[in-house]
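Enquirer: This is the structure I want to talk about, given as structure tokens.
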Amino acid sequence: MKEAVFCIDIGTSSLKAALISMHGEVFSFARVRFENKPMPFCWQSALQESLIILRSSTKENININSICISGNGPTVVSDKFFHLWNHPNGTQEDMKRYNLLSGKSLFLPRLLYCMEYYAKEWESSKLVFSGPEYLIYTLTGTAVTVLPEKRFEAAYWNDESLEKCKIPKEKIPPFVAPGFFAGNLLETEAKVLNLKCSTKVYCGLPDFIAALIGTSTLKSGRLCDRAGSSEGLNLCVEKIITNSNIRFLPSVVEGLWNASVLLPESGARFARFKKNSEYKELSSAETVKELLKNKNSDGYKLLCSISEEVKNGINLLEKTTGFSIETMRVTGGQAHNSQWNQFKANMLGIKIETTQILDAELMGNAITAFVGMNLFSSLTEGAEALVKTAQVFEPQLNSKSSNIIK
């Protein structure tokens, strides 16, 4: 019997899951859409459904010994209310007030909004969580907030900022480190999931950090393109260099930073074009293949435009940091499209790599759990050991003229 971690990522519209071994072997993958069911309660049913799919789609005899959960950004949730990470914090005036009180925090404006707009529900809520921590609490009864690294405190909160915002400290679970052992499954949850009560639950991270772990973007000079509806170019660097067009956040690795350029609409632009075109019934890969046949079409020009945005982002990172980018790992929805990966490699003139699981946050969860089990001394060690290149897309130049965007 092989041992595996049940890795879970809570997305905006779906839950993704995988069974992954301590050697980085991916036994099975599942995605369950929420289908307009009320959040956060649909998370548990999606969790249950995903596990059924995972078990039925692997021929291996698997023992699930642990669970690790990641999820999207600063979603705020209790058993009384829910405020998704991408929903506005009230009116423009409200947001201005909240931001003045909150400093650099991503969470405090959302907590202030919930405290004001869901006043009765807030008052009757014993605890308030971010998304993944709510599911951890549901499964174990342990209330925590996962702080990725000590420098992230400004993006979260401290006692002083909670007091300034008049947010009751007792409603906010304490900080723990990534990979913290939250406890074993509650008997009721174990029964629902058909798992042993001895199944251990470890604390994962916000999804974009889990994806950087799962692509091993934890050493200076490595670049990851996390691409779905939007796209984030993430370069690991050793220091902050002031540039208003680049967002610098701490790396999960002490002493390193993540320099990122956001392309907010790249995947969404393609999706809108496809939906309103003759290709709407085709897969994304089939659509790209058809668009490449006609370089005068609007669709081909759109692919070139998106690639140019990516190239401009890479150029900005190179110019600002001094790195010369030769390889980029991709993860997320766009990474599933081989035709698109090859076209992007051709246009950018760099190697595009995918790893053994295209939704890399799930591998990041496995690595985080293994660090919690003391199988690795650090996230970097775990990522170096387990993350493998699955496919490399080499730039292929047109014999008549170069495809590369200058």
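The values are calculated or read from the model by the stated rules, or taken from the named source; none is laboratory data. Computed from a predicted model, the values in this text were never measured in an experiment. Here the Cβ positions follow ideal geometry from the backbone for every residue, glycine too, while neighbour counts run over all protein chains shown.
Enquirer: Since residue 183 meets every condition but one in (1) surrounded by fewer than 19 Cβ atoms within 10 Å (Cβ to Cβ); (2) touching a Gly at 6+ places or on another chain (Cβ under 8 Å); (3) over 30 Å from residue 356 (Cα atoms), which condition does it not meet?
Expert: (3)
Enquirer: Scan segment 54-75 for residues that are in contact with a Ser or Thr (Cβ under 7 Å, 6 or more places away or on another chain) and either in contact (Cβ under 8 Å) with a residue 60 or more places away in the chain or outside any helix (DSSP H, G or I) (or both) and jot them down.
Expert: If the condition is that a residue be in contact with a Ser or Thr (Cβ under 7 Å, 6 or more places away or on another chain) and either in contact (Cβ under 8 Å) with a residue 60 or more places away in the chain or outside any helix (DSSP H, G or I) (or both), then 57, 58, 64, 65, 66, 67, 68, 72, 74, 75 are the ones that fit.
Enquirer: Now a separate question. Filter segment 1-43 for residues that are of a type in the set (Asp, Glu) and part of a loop (DSSP other than H, G, I, E, B); which is farthest from residue 195 (Cα to Cα)?
Expert: Applying the filter and picking the extreme gives 35.
Enquirer: Checking the conditions here, which among 198, 220, 216 is farther than 20 Å from residue 72 by Cβ and surrounded by 20 or more Cβ atoms within 10 Å (Cβ to Cβ)?
Expert: The conditions single out 216.
Enquirer: Just to be sure I understand the filter: pairs with C-beta atoms under 7 Å, separated by 6 or more residues or on different chains, first member in segment 42-53 and assigned by TED's automatic domain parsing to the domain that holds residue 66 and under 15 Å from residue 67 (Cα atoms), second member surrounded by 15 or more Cβ atoms within 10 Å (Cβ to Cβ) and of a type in the set (S, T, N, Q). Which pairs pass?
Expert: What qualifies is 44/138.
Enquirer: Return yes or no: is residue 366 touching a strand residue (DSSP E or B) at 6+ places or on another chain (Cβ under 9 Å) and in a helix (DSSP H, G or I)?
Expert: Judged against the criteria, residue 366 is a match.
Enquirer: Taking only pairs six or more apart or across chains, which ones have beta-carbon atoms under 6 Å, a first residue in segment 171-196 that is in the same structural domain as residue 122 (by TED's automatic domain parsing) and of a type in the set (D, E, K, R), and a second residue that is crowded, with 19+ Cβ neighbours inside 10 Å and part of a loop (DSSP other than H, G, I, E, B)?
Expert: Taking only residues 6 or more apart or on different chains, the pairs are 171/128.
Enquirer: Additional query: Is at least one residue of segment 212-224 without any contact (Cβ under 8 Å) to a residue 24 or more places away in the chain and outside the structural domain of residue 17 (by TED's automatic domain parsing)?
Expert: no
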